[in-house]
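Only the coordinates and a few stated rules stand behind these numbers; no lab work does. All of these numbers come straight from a predicted model, not from anything done at the bench. So basically every Cβ, Gly included, is an ideal-geometry build from the backbone, and we count neighbours across all protein chains shown.
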Amino acid sequence: MEREARHSSGLCPAESSACPHDLEAVSKVLPSRRPGGDNPRMDTPTPVLTIDGPSGSGKGTISRIVAQRLGWHYLDSGALYRAVGVAAGWADLDLDDAGALVRCTFDTTIGFREGEAGDLRVLVNGHDATDELRTETAGAAASAIAAIPEVRAALKDRQRAFRQPPGLVADGRDMGTVIFPDAAHKVFLTASAEERAERRYKQLKDKGVSVTIDGLLREILARDARDASRAVAPLRPADDAVRIDTTGLGIDDVVARVLDVVSRPAG
Ligand code: C5P
């Protein structure tokens, strides 16, 4: 896979060090850069497009395609919270034990690498946890862990390290509000809870996972409520985000609308 494609498919720094796929290129860039993405040799900071929204709003799919079209890096911030959730599960930690979960966040190494099929694999403490990460159990654990302020603080710099030229598409819940408040372009994707449950149902059914739409709808509503009501970095659109309701829209339509946002002058 060519370098641009590797990066735009999400294979860039997961650990604060550097992209494991292009250490040379990244090390050429990092020393001359200030934290936050300002490059003293350039007039403008590295552009960021934030795509926030609730579970199942299509953020992941849309963000990957848009990153590929733009040739920008891609950050799946939810994967970091899920990775900590999976590591906590492996260590049999109690999800109510905030102290243990914070220690687990610091101790967990998270890496991204390209799979044989050109897909994105996520390594948790050196083990390929890609499939486990996508389970509803990992999502629910991530949502509980993500409510702990110290966990969010510990993951902040790991997320900001993804901001590398030529640009970054960052998907999550607080990308536009907390992690990249100065992003040039911000989008907030929504869709009805029923449609989100249906999309998730189809995804899981294709993977041979047995679930019910009603069960998924309940989980989605519970996760939305927890993400939106937590005290730190609650799920909400940034004031300057463009809201796109994807209910009833196809992927191509949503991608076109997001690219239209990027093509508008920033600010
Ligand atoms: O996006 P994804 O469903 O993979 O995220 C899993 C969980 O991680 C979310 O339900 C949310 O609680 C948390 N999360 C977060 N902030 C982000 C990304 C994810 O709190 N930026």
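Observations, loosely collected:
- Spatial separation of Cα centroids for segment 105-152 and segment 240-263, in angstrom: 27 Å
- What you get for segment 107-199, charging only the Cβ of Lys and Arg (+1) and of Asp and Glu (-1), is a dipole of about 440 debye around the Cα centre.
- FRET efficiency, 1/(1 + (r/R0)^6) with R0 22 Å, evaluated for Arg69 and Ala117 via beta carbons: 0.60
- Estimated translational D of segment 114-233 in µm²/s (Stokes, Kirkwood radius over Cα pairs; 25 °C; 0.890 mPa s): 148 µm²/s
- Label-point gap, in nm, between Lys202 and Ala256 - each point 7 angstrom along Cα→Cβ: 1.8 nm
- For segment 111-267, a crude dipole built from +1 on the beta carbon of Lys and Arg and -1 on the beta carbon of Asp and Glu, taken about the Cα centre, is about 360 debye to the nearest 20.
- Since only Tyr201, Pro181, Val232 are under comparison, the one whose Cα sits farthest along the positive direction of the charge dipole of segment 150-262, derived from C-beta charges on Lys, Arg, Asp and Glu, is Val232.
- The ranking of Ile51, Ile65, Ile179 from fewest to most other beta carbons within 10 Å of each one's beta carbon is Ile65, Ile179, Ile51.
- Exposure proxy ranking, count of Cβ atoms within 10 Å, fewest first, for Glu132, Glu150, Glu116: Glu116, Glu150, Glu132
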